[in-house]
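Below is one structure, written out as structure tokens; comments come after it.
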Amino acid sequence: MPMTAALLSFWRPYWQRFLARRHPVESGKVRIRHQRLYILPTLYGLGFGMIFITMLVGALNYQLSLGFFFAFLLLGVAHAILLRTYANLLGLQLSCGTPIPVFAGENVYFPLTLLNEKRQPRFGVNIQARQQAESASTHIPGQDHQLLALPVKSRQRGLLALPRLTISSTMPLGFFRCWTYLALDGVALVYPQPEPDPPPLPDHGALSDGKKMQASGNEDFAGLREFQRGDALHDIAWKQSARTEQILIRQHQSPIGATLWLNFDELAGLPVEVRLSRLTAWILQAESTQRPYGLALPAQQFPPALGHDHLHRCLSALAQYPGGAT
Amino acid sequence: MTPQSREMLQRLHQAEQQLNQIILGKAATMRLALIGILARGHLLLEDVPGVGKTTMAHALATVLGLRFARVQFTSDLLPADLLGVSVYERSMEAFRFHPGPIFTQVLLADEINRATPKTQSALLEAMAEQQVTIDGETNALPTPFFVIATQNPQAQIGTFALPESQLDRFLLRLELGYPDAKAERALLQGISRQDVLSGLSPMLSAEQLQEAQQDIAQIKLAEPLLDYIQALISATREDQRFSCGLSTRAALGLVQACKASAWLEARSMVIPEDVQRIFPALAGHRLILRQSGRSDPHIAEQLMYSVAIP
Amino acid sequence: MTPSRLRLVSASDLQWLGGALALSCFPHLLEQPLWLALSLAAILLVLTRLSADQRARLPRYSHLILGAVVAVLVFQAYQTLVGREGGVAILMALSIVKLLETRTLRDVRGLLLLMFLLSGLALLHGQAPWQAAYALISTLAVLYAAQRIELGNTLPMGINLKSSSRMILEGIPIAILLFVLFPRLPAPLWAIPDHSSAKTGLSGDQMTPGSIGNMIQDESVAFRVSFKDKAPPQANMYWRGPVFEDFDGISWQPAYGQNRDQNALRFQAVPKIIGEGEVYSYSITLEPHQQSWLLALDMPTHIPANANLSNRLQIVSNQVVSEKKRIELSAQLSWRTVNDSPRQIERSLILPADLNPKSRALALSWAHLPPRDRVAAGLNWLRNNDFSYTLSPPVLTSRHRIDEFLFTHRQGFCEHYASAFAFMMRAAGLPARVVTGYQGAQQNADYWIVRQADAHAWTEVWYADQGWQRVDPTFVISPSRITAGIGLSIDSTELPFMMRQDNAWLRNLRLKADILVHGWNQWVVGYDQKRQNELLKKLGIDDFLSSAFLLWLIGGLLAILGSFAAWLLYKSQPPRPDAASRIFRRFIRKLAPMDKAASETAQAFAARAQAQYPHLAKHIEAITHLYLNARYGNDPAALPALEQAVRQMPRARQP
């Protein structure tokens, strides 16, 4: 056994390179063509072959004319099944949409669209990304499409390309396994992992040129939110807190007063990835407390704002900070 | 298209122009708002305060010649405050119904997520049934009757998010967003919105609006478009990212809105553009992400672009 | 390894599986002893109806225990667990028990394979058309269950059934091609253990008065005959079967006891038949009768390969006929035999002493006559003494049975006459013996049917100059039995339906059906090496290694497989889009290398294209407008206009 394992591991890189050459990355909607569709009998199919041989030997021995016919009928049925298994994948079209960005460590769900142009349904189409434990399986009705979210574990911030897919099916009878490899051009953005227990938001922010943003004292009351570590004591709304059994913090709405600058350079002394993690955690905190925030990276600056788009811009910048996965 | 309806269309375009003079740089949103009204749907405006939601609702009501009322929803607003009460009147020796602010043609329900679920559902029931029942007495709401609800999208303490079933009653969800720099500058230079509002004149009457709505029903919807709409609906149902797909009510709304959109462009048939214009606004608030519990119009749009046009 | 193989199968799927299993076991159950069949059927029924809960609550080794129990039962019935009967029975029994431990898809797959095998093995019990049809149906049921379970019950029943039947139909052309071309072996791979089961038909062991009379009720087919050129007159259709020499006063037996096949050869010399007159060539398709002797028209002059002429002038095959067998023979209606065994002739004169004194005395009175006159005297005596031919003769009870028959009752069936006549000839000093077989046949289209009811017995006597010659005493009593068949010679209510002369249309219908059966036997069941050679010769194939054979095999396979593959590819094509879309596609191709994304609207694409090719802006706008009207506006005028506009637009880039 160790011998074969060693042999396998020796050949694996060559095999992978061969597959990569034979199945290059394709963009847009990709149709499964017959040149790249493979088919072999499964163990079950080989069992069916054994039944055929048993019948044939029996027919020979007992000079059973109809036994011959029956044995050959099994062969003919196997052929009909082979064609169906092959046609089940032939001509299927796949495309990969843009996945929702996730934080490193979470699963990226690549949205795959499977388009079936023919009238017959396609059964049990199994899709597995390379080196992933989870696979997805679906039926596609005739002249219809199916959406499939294929989970791929993200390990590192940056860009995560969809690994090469193995698309396989043993339907309709399980006697044959038909498969192909497909490299789609799906790419996911992976934000840095938020630091699990970050220090409180910095009370004030500073731009790298030293211009201070002063928090003014006269703010409009904007609402309440839950206490978080690092909140100032004088911001606690004692009366409301007493009523709700939660410590609530008065929120103020003031364009300047609450503005927060999150500065990469201020975190000097920490490794780059830790800094990115912390900034991510802070951005999420600021967004959830509705406190406008700006982000300053060595090469980029995002002026303070709030909202979905701003959040996405800031986190993408962190994700694509040099040194991540591409 | 008959000359009659052509004239009506002209008037509506004039109304749209007036709206665009008040709410600057939001022509697409204004068009969607008109589509929503023409398709007899209620609107949900989601935005931060101070971007002109009230102005927009008021202007919309005025140019369409509809009565308008605004109710600020707060946590202490009771259903009776909205619907009205029956008061015993000594002079008549009987209970008399004092209608609440809901008895109007366009109701602006401001910050609907601040009211308690009880008040919310009182409003939503009235929306669904076009009538109000108090103390066993049923009072029909005026026709047409539209609700434009606003809510602040950011989750805050002390608000009650609308449940999914209630969200489904709103045909479209719109966002105004901050005006772009040019529009904001024009706003800052110009006269106040209030003055413009008071200068608005109604462009058509409630009856004419109803005629327009009848006209819209005649718009052709070809088979391939039905296929497209069904493909979109089933795409939302099959996508595992969402906790549930679009309802049949939503699909019907999409058909109505598409027809209204085609009519507004003086076309006699619906084309895929109409579907693509409306779908994100229609599906955005209905598709709740399983992972985060949020809804996101961008994902609806993304989904739309993953479905082929038959 | 893949989790899908360990997927649990739903209870309803298991019920379908049980149903298909019942179908594939049914023909096997019919062959078992009643008690075994009933107990296995009961087990099958209970296992099929077990709910998931009940299954879970069963002890862990219950399937092993149940397996052992059924093995014991089968052993009880067959005294073995291997071989043809025992093996099939235990395979079926264990398949039924396997249902108990079937939980996951993997278990189901194993059981399904066994069910395919059981469906095919049912043909061991018989190869009639209905049995073949049943095998197809049970295969269909197994395939249906397999597909239903594999697909997780996602298909509606009707569609699944249609798709399963299609698979079988698609398999048939390949099966026919290989059936015709696959080389057949002249002999089995290994010896088949003798498989004797009680079969009706002639007995080679003994002939007792009454034994043939009982067969008259049996209208099943004994064999079918096709004459190559012309058929002999019906009166001459004597189909020669077992011959008996020894008489013990009650029954006739072959000399040298029961082991007739080998011991018959102990007469040493095999006589030679010298035929005279016209030669009739014919082939017989014999129903399996589990004996080695064959039937042949009196007298056979051509002996097929794999068979010998015994010294009783009987054709004996090398093997027991346990399947339908086709034999090529020829016969001549007049003959003489030479080189007869003297021991056999001596033996044909022996009579049990002190039995039947009256008959013996009568025969002795003819002993002074020349041999041929002795025969004539005997027949004359029978003719003139008021004998009658009946199916229900009185039972003979006395010690002197021949006397009782000849002098008391005078009513009998052919075997009574054959037996009595042989006795009298022996008593008169002429060697004589009894021959059994069939007489007559029923013509049906171009072949003849011989039924068990046609069974007959006659006498053979030996003349010094001509050897063994046939004498049929029945002919004297009831000439119509011989010339017109049994239907006219006996009161018809005693006869089975097919032998009667009334109800012509119904008989015709059944005879029509028999034509099909005959064709089936000739071309399907009887398709052996010989037939194959004949057929292949017609196709120009002399040898399995010849290029012509390979050409036929590979050409045929390619034609069948190719046409299926082409059909399948055609079915995989997306349906043709409507006219407007097709023309618009053409328009998009003219704008290459631009392409429209699947979710891009026509107008959005047009806007892009106008920006890319400003010089075509007018064309693009007009075409888009026409397309929208044609496709979505149901405007009949727009389609031709669109076609024209697209034709007129120049290509964006000249190649």
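Cβ-Cβ under 7 Å, sequence separation 6+ or interchain: first residue in the stretch C:506-531 and more than 13 Å from chain A (Cβ to nearest Cβ), partner surrounded by 17 or more Cβ atoms within 10 Å (Cβ to Cβ). Which pairs?
Correct list of pairs: C:R507/C:M498; C:R510/C:M498; C:L511/C:N444; C:D514/C:N444; C:D514/C:I449; C:I515/C:N444; C:H518/C:R224; C:H518/C:Y447.
Report yes if A:I81 is part of a strand (DSSP E or B), β-branched (V, I, T) and either open to solvent by less than 50 Å² (accessible area, probe 1.4 Å) or within 7 Å of chain C (Cβ to nearest Cβ) (or both), otherwise no. Please lay out each step first, then the result.
Numbers: part of a strand (DSSP E or B): no; β-branched (V, I, T): yes; either open to solvent by less than 50 Å² (accessible area, probe 1.4 Å) or within 7 Å of chain C (Cβ to nearest Cβ) (or both): yes.
No.
For the condition away from every other protein chain (no Cβ under 14 Å), open to solvent by 50 Å² or more (accessible area, probe 1.4 Å) and part of a helix (DSSP H, G or I), what is the one hit in C:L64, C:L44, C:L81?
That would be C:L64, the only listed residue that is away from every other protein chain (no Cβ under 14 Å), open to solvent by 50 Å² or more (accessible area, probe 1.4 Å) and part of a helix (DSSP H, G or I).
Has the stretch A:148-161 got any residue that is more than 29 Å from B:Q230 (Cβ to Cβ) and touching a Pro at 6+ places or on another chain (Cβ under 7 Å)?
Quick first cut of the stretch A:148-161, residues more than 29 Å from B:Q230 (Cβ to Cβ) only: A:152-161.
Checking which are touching a Pro at 6+ places or on another chain (Cβ under 7 Å) leaves us with A:152, A:157.
The answer is yes, given that some residue of the stretch A:148-161 is more than 29 Å from B:Q230 (Cβ to Cβ) and touching a Pro at 6+ places or on another chain (Cβ under 7 Å).
Could you tell me how many of the residues in the stretch C:161-183 are in a loop (DSSP other than H, G, I, E, B) and facing chain A (nearest Cβ under 8 Å)?
The total comes to 1.
Can you report the number of residues in the stretch A:84-111 which are small (G, A, S), closer than 30 Å to C:T139 by Cβ and more than 8 Å from chain C (Cβ to nearest Cβ)?
So the count comes out to 0.
Is there a residue being in the same structural domain as B:L44 (by TED's automatic domain parsing), in contact with a strand residue (DSSP E or B) (Cβ under 6 Å, 6 or more places away or on another chain) and either modelled with pLDDT of 85 or more or exposed (fewer than 15 other Cβ atoms within 10 Å of the Cβ) (or both) anywhere in the stretch B:162-170?
yes
Could you go through the stretch C:94-105 and let me know if any residue there is out of contact with any strand residue (DSSP E or B) (no Cβ under 6 Å at 6 or more places or on another chain), at the interface with chain A (Cβ under 10 Å from one of its Cβ atoms), in a helix (DSSP H, G or I) and open to solvent by 10 Å² or more (accessible area, probe 1.4 Å).
no
Quick one: C:S480 ticks every box in (1) touching a residue at least 24 places away in the same chain (Cβ under 8 Å); (2) under 42 Å from the mean Cα position of the chain (by Cα) except a single one, so which number is it?
Condition not satisfied by C:S480: (1).
Given the condition open to solvent by 30 Å² or more (accessible area, probe 1.4 Å) and more than 9 Å from chain C (Cβ to nearest Cβ), answer yes or no: does some residue in the stretch A:121-128 qualify?
yes
Can you name every residue in the stretch A:1-53 that is open to solvent by 50 Å² or more (accessible area, probe 1.4 Å), in contact with a strand residue (DSSP E or B) (Cβ under 9 Å, 6 or more places away or on another chain), within 14 Å of chain C (Cβ to nearest Cβ) and closer than 30 Å to A:G76 by Cα?
A:R31, A:R33, A:P41
One line per residue, one yes/no per condition, for (1) surrounded by fewer than 17 Cβ atoms within 10 Å (Cβ to Cβ); (2) out of contact with any Lys or Arg (no Cβ under 7 Å at 6 or more places or on another chain); (3) closer than 27 Å to B:F279 by Cα:
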{"position": "C:I583", "(1), (2), (3)": "no, yes, no"}
{"position": "C:D595", "(1), (2), (3)": "yes, yes, yes"}
{"position": "C:P614", "(1), (2), (3)": "yes, yes, no"}
{"position": "C:E621", "(1), (2), (3)": "yes, yes, yes"}
{"position": "C:H625", "(1), (2), (3)": "no, yes, yes"}
{"position": "C:D635", "(1), (2), (3)": "no, yes, yes"}
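Can you tell me which residue within the stretch C:555-600, out of those that are outside any helix (DSSP H, G or I) and in contact (Cβ under 8 Å) with a residue 40 or more places away in the chain, is nearest to the other protein chains (Cβ to nearest Cβ)?
C:D578
For the stretch C:613-655, give me the residue count where each residue is in a helix (DSSP H, G or I) and acidic (D, E).
Final tally of qualifying residues: 2.
On the given criteria, is C:H125 open to solvent by 50 Å² or more (accessible area, probe 1.4 Å) and under 25 Å from the mean Cα position of the chain (by Cα)?
yes
Considering the stretch B:210-239 alone, what residues qualify as being away from chain C (no Cβ under 14 Å) and either without any contact (Cβ under 8 Å) to a residue 24 or more places away in the chain or open to solvent by 20 Å² or more (accessible area, probe 1.4 Å) (or both)?
Matches in the stretch B:210-239: B:Q210, B:E211, B:Q214, B:D215, B:A217, B:Q230, B:I233, B:S234, B:R237, B:E238.
Output the residues belonging to the stretch C:370-403 that are acidic (D, E) and touching a Pro at 6+ places or on another chain (Cβ under 9 Å). Even if it seems obvious, please write down each step before you answer.
If we filter the stretch C:370-403 for residues that are acidic (D, E), which is where we start, we get C:373, C:386, C:403.
Once the filter is applied, which keeps residues that are acidic (D, E) and touching a Pro at 6+ places or on another chain (Cβ under 9 Å), the stretch C:370-403 yields only C:D403.
How many residues does the stretch A:297-326 contain that are in a strand (DSSP E or B) and touching a helix residue (DSSP H, G or I) at 6+ places or on another chain (Cβ under 7 Å)?
Looking only at the stretch A:297-326, we keep the residues that are in a strand (DSSP E or B), and these are A:301-305, A:325.
Narrowing further to those that are touching a helix residue (DSSP H, G or I) at 6+ places or on another chain (Cβ under 7 Å): A:302.
Of the residues in that region, 1 qualify.
Would you confirm, using the coordinates I've provided, whether C:Q332 is open to solvent by 10 Å² or more (accessible area, probe 1.4 Å) and either part of a loop (DSSP other than H, G, I, E, B) or aromatic (F, W, Y) (or both)?
no
The values are calculated or read from the model by the stated rules, or taken from the named source; none is laboratory data. Bear in mind the structure is a predicted one, so any value in this text is a computation, not a measurement. When we count neighbours, we look across all protein chains shown, and the Cβ atoms used for this are built from the backbone with ideal geometry, even at glycine. To get the accessible areas, we keep the full protein, side chains included, count just its heavy atoms, and leave off ligands, DNA and RNA. Shrake-Rupley method; radii C 1.70, N 1.55, O 1.52, S 1.80 Å.
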